Amino acid sequence: MRDFYMLIGEEERQASDGRWVVSVNPYTEKSWARIPRATAQDADAAVTAAKEALVHPEWAGLSASERGALLRRVGDLIAENAEALSELEVLDNGKLKAEMLQQMNYLPQHYYYYGGLADKIEGAVIPSDKKGMFTHTVHEPLGVVVAITPWNSPLLLTTWKLAPALAAGNTVVIKPSEHASVSMTVFAKLFLEAGFPPGVVNVVTGYGHECGAALVDHPDVAKVAFTGGDQGGRAVYRAAADHLKPVTLELGGKSPNIVCEDADIEQAVKGAVSGVFAATGQTCMAGSRLLVHRSREAEFVAALTEFIAQAKLGDPMQADTQIGPVATKDQYEKVLSYVDIALSEGAHRAYGGKALERTGYFVEPTVLTNVTNDMRVAREEIFGPVLSVIAFDDDEEAIAIANDTPYGLAAGVWTKDLPRAFRYTSALQAGTVWVNAYRVVSYAVPFGGFKKSGIGRENGQEMIREYLQTKSVFINLGSSVPDPFVLR
Ligand code: NAD
């Protein structure tokens with residue numbers, strides 16, 4: 001059993017009352033690490049460290065270009081530590097080493113990108129109608145930002161918040177998931193090594209309803225950026241509302257992946273696999289509803305089941321493993337329960353649907369057919385390797401089914417017909433739409449949800465505004481103030 005610590009200021013700390021949360025490796029089902037179970041007092045200490053760092057000349061006195069240079073330096077350090085960081089994530093959440101390593105190798109690009117943006121946050125001189133006034137705007141940091149993240153891609157999803165928040169000059173307190181915090185405790189120390197002043201990046205570990213809620217409720221926190229489930233997202237939004245704090249919410253989805261009658265079935269099968277079996281379906285953008293034209297349904301399901309029958313299940317650390325366990329025992333039980341619910345509602349099992357008789361939280365990749373969009377399996381986020389296949393007869397019906405969901409995170413369309421692709425991209429209610437592709441994201445492209453999939457966007461240039469506030473300045477260049485009783 002290994003112990004890992006929080007980072008508050010420059011101090012590695014245990015919880016103030018000495019309690020711990022144990023992390024279980026989902027492949028071995030054995031406890032392997034402990035992280036501090038932070039209290040409200042620990043949350044307060046982290047916010048205080050971040051608040052002090054915010055105005056300390058070591059941080060507040062840096063030029064924007066110097067902030068950018070620090071971000072680029074930490075990007076280099078992440079690249080040097082990518083292998084070790086990815087292995088810690090695999091031990092915690094059971095996702096494939098191949099995927100986590102790729103994420104770690106990609107992570108530095110976010111810090112280079114936002115490092116480059118730091119000194120391009122420009123205000124404007126406004127040629128206003130107010131004669132005799134020199135009028136301009138400046139964009140200033142918000143203050144202390146709290147970043148709360150889930151267990152599926154801990155460092156990547158934190159980076160989507162951290163890199164722009166730091167580029168904008170804020171300080172940050174990170175609260176990673178209680179199920180996968182270890183990589184974050186190691187990662188945070190790279191910021192000190194890169195030369196960020198103590199207190200600019202802090203990490204508090206533990207439960208959402210304990211230290212997470214204390215952070216959101218803290219009066220000195222200016223903004224909360226949250227990625228996670230619907231329930232947690234609503235709780236955070238409600239608590240932030242009491243303080244009128246801005247929030248960014250990246251929540252779940254029930255994303256449609258649509259296979260048109262003219263689709264290249266071989267490619268669409270790969271798209272379905274990357275949509276819901278990659279990452280064992282534990283991805284917010286999972287293409288968990290597969291809408292297929294009725295004329296191609298049998299062919300598609302046969303090709304898909306043949307493809308996944310070849311997939312290698314096993315040790316997520318091995319380079320050739322394609323499907324690993326799900327992250328926790330609760331998640332494993334939840335996924336299996338959805339298969340029973342679907343069958344009781346009339347779905348058919350075309351493939352999988354059972355637990356594997358082996359150590360580890362392994363669920364067979366599962367394909368359900370005869371699903372209709374009103375079944376629970378088509379409406380609720382499962383967050384596991386379960387695909388619901390829904391047949392449609394024409395594009396209008398496909399679009400109607402696709403949009404008939406409270407969510408709107410992502411959607412995929414498979415077609416060789418460009419005008420048809422445009423009709424779909426404009427009609428689909430989703431924050432990201434892929435055509436002949438699935439599960440592609442970039443630090444340069446905004447990501448976020450329509451409808452109940454979230455509020456705000458992450459990634460891309462414009463979203464740095466989510467971490468800034470605009471100040472308008474009027475300077476009277478004249479010598480007299482006109483009638484003081486009238487708004488000018
Ligand atoms: P979760 O909501 O249970 O937890 C997410 C984080 O929020 C954790 O750190 C947790 O401790 C914290 N938290 C929970 N309740 C809180 C509260 N009341 N106050 C403060 N913090 C609180 O989610 P999870 O199970 O870890 O992750 C899975 C969910 O995340 C899925 O719904 C998935 O779709 C979503 N997700 C979304 C995206 C996206 O970008 N849209 C990406 C990945 C995951």
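Residue pairs, Cβ under 6 Å, 6 or more apart or interchain, first in region 204-216 and in the same structural domain as Val236 (by TED's automatic domain parsing), second aromatic (Phe, Trp, Tyr) and part of a helix (DSSP H, G or I). List them.
Filtered contacts from region 204-216: no entries.
Within region 364-393, how many residues turn out to be among the acidic types (Asp, Glu) and touching a residue at least 60 places away in the same chain (Cβ under 8 Å)?
Of the residues in region 364-393, 3 are among the acidic types (Asp, Glu) and touching a residue at least 60 places away in the same chain (Cβ under 8 Å).
Just name the residue that is nearest to Ala180 (Cα to Cα) out of those in region 225-281 that are surrounded by 22 or more Cβ atoms within 10 Å (Cβ to Cβ) and of a type in the set (S, T, N, Q).
The selected residue is Thr227.
Looking at Ser388, is it hydroxyl-bearing (Ser, Thr, Tyr) and in the same structural domain as Arg294 (by TED's automatic domain parsing)?
Considered against the rule, which asks whether it is hydroxyl-bearing (Ser, Thr, Tyr) and in the same structural domain as Arg294 (by TED's automatic domain parsing), Ser388 comes out as yes.
Of the residues Gly228, Gly232, Gly287, only one is under 22 Å from the mean Cα position of the chain (by Cα) and over 25 Å from Arg465 (Cα atoms); which?
Gly287
Just one of the numbered conditions (1) assigned to a helix (DSSP H, G or I); (2) under 30 Å from Gly115 (Cβ atoms) is not true of Ala437; which one?
Condition not satisfied by Ala437: (1).
Quickly run through region 460-473 and pick out the residues that are in contact (Cβ under 8 Å) with a residue 24 or more places away in the chain and among the small types (Gly, Ala, Ser).
Ser472
Every residue in region 15-60 that is under 26 Å from the mean Cα position of the chain (by Cα) and at positive phi, please.
Within region 15-60, Glu29 is the sole residue that qualifies.
Could you check region 243-257 and list, in sequence order, the residues that are charged (D, E, K, R), in contact (Cβ under 8 Å) with a residue 40 or more places away in the chain and assigned to a loop (DSSP other than H, G, I, E, B)?
Lys254
Working only within region 402-439, note down all residues that are of a type in the set (Val, Ile, Thr) and in contact with a strand residue (DSSP E or B) (Cβ under 6 Å, 6 or more places away or on another chain).
Those that are of a type in the set (Val, Ile, Thr) and in contact with a strand residue (DSSP E or B) (Cβ under 6 Å, 6 or more places away or on another chain): Val413, Thr425, Thr432, Val433, Val435.
Looking at (1) in a loop (DSSP other than H, G, I, E, B); (2) within 16 Å of the ligand (Cβ to nearest atom), which is the one condition that is false for Glu357?
Failing condition for Glu357: (2).
Within region 209-223, how many residues are surrounded by fewer than 23 Cβ atoms within 10 Å (Cβ to Cβ), small (Gly, Ala, Ser) and closer than 15 Å to Arg234 by Cβ?
The number of residues fulfilling the criteria is 1.
Just give me the residues in region 441-459 being more than 12 Å from the ligand (Cβ to nearest atom), free of Cβ contacts under 8 Å to residues at least 24 places away in the same chain and touching a helix residue (DSSP H, G or I) at 6+ places or on another chain (Cβ under 9 Å), in sequence order.
Across region 441-459, the qualifying residue is only Ser442.
If we keep just the residues of region 330-354 that are within 16 Å of the ligand (Cβ to nearest atom) and either not assigned by TED's automatic domain parsing to the domain that holds Ile308 or not polar (S, T, N, Q) (or both), which is surrounded by the most Cβ atoms within 10 Å (Cβ to Cβ)?
The extreme case among them is Val335.
Just checking, does region 258-275 include any residue being within 16 Å of the ligand (Cβ to nearest atom) and either over 20 Å from Thr425 (Cβ atoms) or part of a helix (DSSP H, G or I) (or both)?
Yes, there is a match, as at least one residue in region 258-275 is within 16 Å of the ligand (Cβ to nearest atom) and either over 20 Å from Thr425 (Cβ atoms) or part of a helix (DSSP H, G or I) (or both).
Let me spell it out: the conditions are (1) assigned by TED's automatic domain parsing to the domain that holds Gly352; (2) under 26 Å from Gln41 (Cβ atoms); (3) of a type in the set (Lys, Arg), and Lys270 meets all of them except one. Which number is the exception?
For Lys270, the exception is condition (2).
What do you reckon, is Pro57 surrounded by fewer than 20 Cβ atoms within 10 Å (Cβ to Cβ) and modelled with pLDDT of 95 or more?
It is true that Pro57 is surrounded by fewer than 20 Cβ atoms within 10 Å (Cβ to Cβ) and modelled with pLDDT of 95 or more.
So which residues in region 340-354 are part of a loop (DSSP other than H, G, I, E, B) and either in contact with a His (Cβ under 7 Å, 6 or more places away or on another chain) or of a type in the set (D, E, K, R) (or both)?
Glu345, Lys354
I'd like to verify a number: residues in region 152-193 that are β-branched (Val, Ile, Thr), surrounded by fewer than 24 Cβ atoms within 10 Å (Cβ to Cβ) and away from the ligand (no atom under 14 Å from the Cβ), how many?
Total satisfying the criteria: 1.
Could you list, in sequence order, the residues of region 194-207 that are within 15 Å of the ligand (Cβ to nearest atom) and surrounded by fewer than 21 Cβ atoms within 10 Å (Cβ to Cβ)?
Tyr207
Is it the case that some residue within region 100-122 is within 21 Å of the chain's Cα centre (by Cα), within 13 Å of the ligand (Cβ to nearest atom) and outside any strand (DSSP E or B)?
Yes, because at least one residue in region 100-122 is within 21 Å of the chain's Cα centre (by Cα), within 13 Å of the ligand (Cβ to nearest atom) and outside any strand (DSSP E or B).
The values are calculated or read from the model by the stated rules, or taken from the named source; none is laboratory data. Only a predicted model underlies this, so the values are computations on that prediction, with no experimental measurement involved. When we count neighbours, we look across all protein chains shown, and the Cβ atoms used for this are built from the backbone with ideal geometry, even at glycine.
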